[in-house]
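Structure first, then comments.
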Amino acid sequence: MADFAELRFKEPGMRLLENEHRYLTYLMDEWHALVLDFEKDDVTLEEGREKLKTIRQKLYEFVEPLKNHTDKEEEHFFPVLGTYIGFEQGPLMGIQEEHQEIDGYIGHFFHHTRGNIDLMTLDDMKTIAKDAGEAYEVLTIHFVKEETVLFPMAEKLMKAVDQDKLYEKMKTLIS
C-alpha cells in the first residue's frame, strides 16, 4: 500500500502531482499484488484465470487516471519546466520516453488479454502477467525520478508566477 505520509513539496503544483502519484500507486498496488501471485508456483489454472481477469479489470480502471495524469504533465508541467531546463536532452526527454514505455506494456497486456482468458494455459497467463509487472516497475521508478529530480528542479528554478499559472492549469481531478 502507498505511504500516505506528509507531502514533501511546498509548491501547490508539485504537491498536486505528488498526491496524484500516491493515488496512482495505491491503484497500482491492487493489481500488482495479483501479478506477484503468478510468480508463485502454487497458482492453479482456475485461480490464474480469475486473477488475470481481475488484473485486467483493475488495469482498465487504472488507465484513465494514469492517462489524465500523464496528459497533465505533458501538456502543462513539462512545457513550463522545459523553458527552464531545455527539452532536447536531460531528464525531460527520458521521462517522456518512459510514458511511452508504460503505455507499451499496458497496451501489450490488453492486446494479449482481449480474447477469452478461459482458453489460456497457466504458462500463457504467467507470461502475460509479466507485462503488467513490467508496467508496475517502470511506473514505480518513473515516479521516484519525477519526485527526486523533476519536482525539486521545478521548485528550485521556476518563478512564482509560473508556479501559480501551472497550478491553475493542473488543478483538475484525474479520476
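The values are calculated or read from the model by the stated rules, or taken from the named source; none is laboratory data. Everything quoted here is computed from the prediction, not taken from an experiment. Methodologically, a virtual Cβ is constructed for each residue, glycine included, from the backbone with ideal geometry; neighbour enumeration extends over all protein chains shown. Just the protein is used for accessible areas: all its heavy atoms, side chains included, with ligands, DNA and RNA removed. Shrake-Rupley method; radii C 1.70, N 1.55, O 1.52, S 1.80 Å.
Ligands, DNA and RNA excluded, the heavy atoms of residue 84 present near 70 Å² of accessible surface to a 1.4 Å solvent probe. Considering only 19, 144, 33, the residue lying farthest towards the positive end of the dipole of the chain is 19, judged by Cα position with unit charges set on Cβ. If you roll a 1.4 Å probe over the chain with all protein chains in place, what percent of the accessible area is carbon or sulfur? Carbon and sulfur together cover 53 percent of it.
Measuring only protein heavy atoms, the 1.4 Å probe finds residue 22 accessible over about 40 Å². For the set 40, 126, 10, solvent exposure ranked by accessible area (probe 1.4 Å, protein chains only) runs largest to smallest as 10, 40, 126.
Summarising the label geometry, the points placed 7 Å from Cα in the beta-carbon direction at residue 103 and residue 42 lie 4.1 nm from one another. Accessible area ranking (1.4 Å probe, heavy atoms, ligands and nucleic acids excluded), largest first, for 56, 49, 8, 15: 8, 15, 56, 49.
Rounded to the nearest 10 degrees, the inclination of helix 160-170 to the longest alpha-carbon principal axis of the chain is 30 degrees. In a simple Cβ point-charge model (Lys, Arg +1; Asp, Glu -1; nothing else charged), the chain has a dipole of about 500 debye relative to its Cα centre.
Given a 1.4 Å probe, how much area per residue of the chain is accessible, in Å²?
Numbers: 9650 Å² over 175 residues.
For the chain, the per-residue accessible area is 55 Å².
Residue 93 sits with roughly 80 Å² accessible to a 1.4 Å probe, with DNA, RNA and ligands left out of the calculation. Counting residues in region 88-142 as N, plug N into 2.2 N^0.38 Å and put the Cα Rg over that result. So the Cα radius of gyration is 1.38 times the expected 2.2 N^0.38 Å.
Modelled this way, with points 7 Å down the Cα-to-C-beta line, the labels at residue 67 and residue 121 are 3.4 nm from one another.
When both region 124-151 and region 20-75 are represented by their alpha-carbon centers, they are found 11 Å apart.
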